[in-house]
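Let me begin by presenting the structure, written as structure tokens, before commenting on it.
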Amino acid sequence: MPSPTATPGHRTRVVAALGTAQTLAWASSYYVPAILAPSIAAELRIGVPVVFAAFSFALIVSAFVGPLAGRLIDRHGGRPVLAATSLVFAAGLAALAHAQDALTLFAAWLLLG
């Protein structure tokens, strides 16, 4: 139930902020391989399928981590979990930027997953 002090304008700002954050998160993770896979593969001297395999690995990891995230949200609320996952996500993007080979690419996508 919404807070009695929440105004329609406040809700609109919150929804807009969350929507923008979600769009940026998707754009900086799930859409990265579609755009950058050939460049990543060339830079790391690996095949494009390896880049997509690393991304697929992240999707598998997220499937296993999802229930834990749900339990943490139930236990602690969404705000601290979202804050913590944003830090992990930032670390994953930094690791992705510094990947040197297939192993470090998979490690970065493990964090992103």
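Think of it as helices only: each DSSP H run of n ≥ 4 in the chain is worth -39500 (n - 2.57), and spread over all residues that comes to -28000 deg cm²/dmol at 222 nm. Tell me, what is the percent relative contact order of the chain, built from C-alpha pairs under 8 Å that lie six or more residues apart? Relative contact order, the chain: 28 percent. What you get for the chain, charging only the Cβ of Lys and Arg (+1) and of Asp and Glu (-1), is a dipole of about 400 debye around the Cα centre. Computed in the context of the full set of protein chains, the accessible area of the stretch 1-86 at 1.4 Å probe radius has 71% of its extent on carbon or sulfur. Under 4 °C and 1.567 mPa s, how fast does the chain diffuse according to Stokes-Einstein, given a Kirkwood radius computed over C-alpha pairs? Answer in µm²/s, whole number. The Stokes-Einstein estimate is 82 µm²/s.
The longest stretch of the chain left intact once loop-based chymotrypsin sites (Phe, Trp or Tyr not before Pro) with at most 15 other Cβ atoms within 10 Å are removed from consideration, loops following DSSP, is 32-113.
With a 1.4 Å probe and every protein chain left in place, work out the accessible area per residue of the chain in Å², rounded to a whole number.
With the other protein chains kept in place, the chain gives 68 Å² per residue.
The values are calculated or read from the model by the stated rules, or taken from the named source; none is laboratory data. Quantities reported herein were computed from a predicted structural model and do not represent experimental measurements. Cβ coordinates were reconstructed from backbone atoms using ideal geometry, including for glycine residues, and neighbour counts include every protein chain displayed. We work out accessible area using only protein heavy atoms, side chains counted, and drop any ligands, DNA or RNA first. Shrake-Rupley method; radii C 1.70, N 1.55, O 1.52, S 1.80 Å.
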